[in-house]
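We did not get these values from a lab; they are worked out from the coordinates using the rules stated. What you see is a predicted model; the values in this text were computed from it and never measured. Positions of Cβ are generated from backbone atoms using ideal geometry, with glycine treated the same way; all protein chains shown enter the neighbour counts.
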Ligand code: PHB
C-alpha cells in the first residue's frame with residue numbers, strides 16, 4: 001500500500017479528520033477555527049499582522065472563522081476590535097482573506113454588534129450604547145482573567161430604529177463578500193460567507209433572552225417576538241448574499257453578560273426551527289459547559305434536540321478536547337467542532353490531532369495584548385517544538 005493511501009486510512013479512523021461537505025464547500029476535516037477576539041486591529045482596522053495569524057491556521061479544505069467584526073460605529077465594545085462598515089476596514093480585510101484562500105481554506109467573517117456590552121468611550125460622540133433594554137451590566141472579568149470590562153447604562157432602541165440596525169448587518173455582509181472584488185483584473189473574492197453573532201449576551205442575544213429583553217413591543221415578550229430581531233437579520237443577510245453563505249452562532253444555555261433565559265431549550269429549538277425556513281448553511285452552537293475560567297461540566301447530550309431539528313450543518317464549540325470532539329462527530333452529535341483556545345495556541349491543530357501530538361499551552365495573559373507577534377503569531381508549529389523530536 002502506498003504512503004498516501006495509508007495516511008488516508010489513518011485519517012478515516014479519526015472522526016475529526018474525515019472530510020465533510022458543508023453546502024457548496026468541500027472541507028477536508030472537521031476542525032474549525034472558532035471566532036476569537038484578539039484586539040490587535042488598531043483603530044478598528046484589520047492590520048497586516050493578521051495575514052500571518054490567519055494563514056498560519058489555514059489548511060487546504062479547513063474552515064476558519066474570523067474574529068467578531070463590528071457592523072457599524074455603534075457596534076464596538078472592546079479596544080482594537082475590527083470592523084467592516086467602512087471602505088478602509090473592508091479593504092484591509094482583503095489581503096488577509098487572500099492569504100487564507102491561498103492556503104485553500106474556507107473563511108467566514110463573524111459579524112457582530114455588542115449592544116450594551118459597551119461604554120460611552122466606544123460610542124460615536126460619547127453616546128449611550130444601544131440595546132433591547134435600559135438594564136445596565138455590572139463590570140465583568142474578561143477571559144484573560146485580568147481585564148475588567150466596564151459598561152455604561154444602555155439606551156433601549158425604539159421600535160422604528162430597529163430596521164436601521166438590521167440593515168447595518170446586511171451592509172456588513174455585503175462588504176464581507178465584496179472585500180477585494182473591486183480589483184477587476186484579478187480574480188479575487190472576498191470572504192466565503194458570514195457568521196451572524198447571535199450568542200454570548202451581545203445585541204442579538206439581548207433580544208433573544210428574557211433576562212435582558214423587557215420590551216413590550218413586537219420585539220419583546222413571547223419567544224416569537226424576542227427572536228424577531230435576530231431572524232430579521234438572518235433574512236436580510238440571506239437576501240443579500242444567499243442563505244448558502246450564512247451561518248449563525250447561538251448560545252441558548254449560556255448566561256454570559258447577564259443574558260440568561262428561563263427556558264434555554266425552548267429558545268434553542270424555536271430558533272433552529274425558524275432558521276430551517278431560511279435554509280441557512282450552518283448553526284454553530286455553544287455547549288452549556290462553557291463555564292467560568294477552567295471549570296467544565298460534562299453535558300454531551302444537551303444540544304442533541306437542536307442538532308436533530310436543524311437541517312443544515314451543525315457546529316459545536318465550548319472547551320472541546322481532541323477526544324470529546326472525536327466522540328461528538330462519531331456519535332453524529334455534530335458535523336464540525338470549533339476549537340478556540342487550542343487552535344490559538346496550536347496553529348497546526350489539525351496536524352497535531354492527526355498525529356495525537358502534544359499541544360502547546362495557551363497563555364491567557366496575552367489573549368488581548370495589543371501585540372502584533374506576542375501571543376499571536378509566535379505559538380510554535382510542531383516541527384519547532386520538542387514534542388516533534390520526541391524529547
Ligand atoms: C470577549 O471578547 O470577551 C468575547 C467576544 C466574543 C464572544 C465571547 C467573548 O463571543
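Below are the figures for this structure:
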quantity	calculated
Cα-derived Rg to Rh of the range 55-178, Kirkwood definition	1.03
Fluctuation leader among 380, 264, 252 - the chain, Gaussian network, Cα springs under 10 angstrom	380
Inter-centroid distance (Cα atoms) of the range 293-367 relative to the range 195-266, Å	23
Helical contribution to [θ] at 222 nm, DSSP H n ≥ 4, -39,500 (n - 2.57), averaged over the chain, rounded to 500	-9000 deg cm²/dmol
Within a Gaussian network of the chain (alpha carbon springs, distance under 10 Å), most fluctuating of 90, 81, 120	120
Most to least packed among 23-32, 70-79 [average Cβ atoms within 10 Å]	70-79, 23-32
Two-decimal log10 I(q)/I(0) for the range 113-255, as the Debye equation yields it once each C-alpha is a single scatterer, q = 0.14 Å⁻¹	-0.73
Rounded tilt (10° steps) of 3-12 against the dominant C-alpha axis of the chain	40
Of 16, 137, 33, the one that fluctuates the most in a GNM where the chain has Cα springs shorter than 10 Å	137
Value of relative contact order over the range 96-240, rounded to a whole percent, pairs C-alpha under 8 Å and six or more apart	27
P(r) tail fraction, the chain - alpha-carbon pairs more than 32 Å apart, %	29
P(r) of the range 236-391 over all Cα-Cα pairs, binned every 5 Å from zero, in whole percent	2, 8, 15, 16, 17, 16, 12, 9, 3, 1, 0
Nearest 10 degrees, 0 to 90: helix 162-178 Cα axis against the chain principal axis	30
Where labels lie 7 Å past Cα in the beta-carbon direction, separation of residue 178 and residue 86 in nm	1.8
Largest-first principal axis extents, alpha carbons of the range 219-278, Å	33, 20, 19
Acute angle (nearest 10 degrees) that the helix 87-102 long axis makes with the longest principal axis of the chain, alpha-carbon atoms	20
Extension gain (nm, one decimal) between residue 18 and residue 323, 0.36 nm per residue minus Cα-Cα	108.4 nm
Modelled label reach - residue 255, point 7 Å along Cα→Cβ, the range 128-147 residues with backbone N closer than 15 Å	138
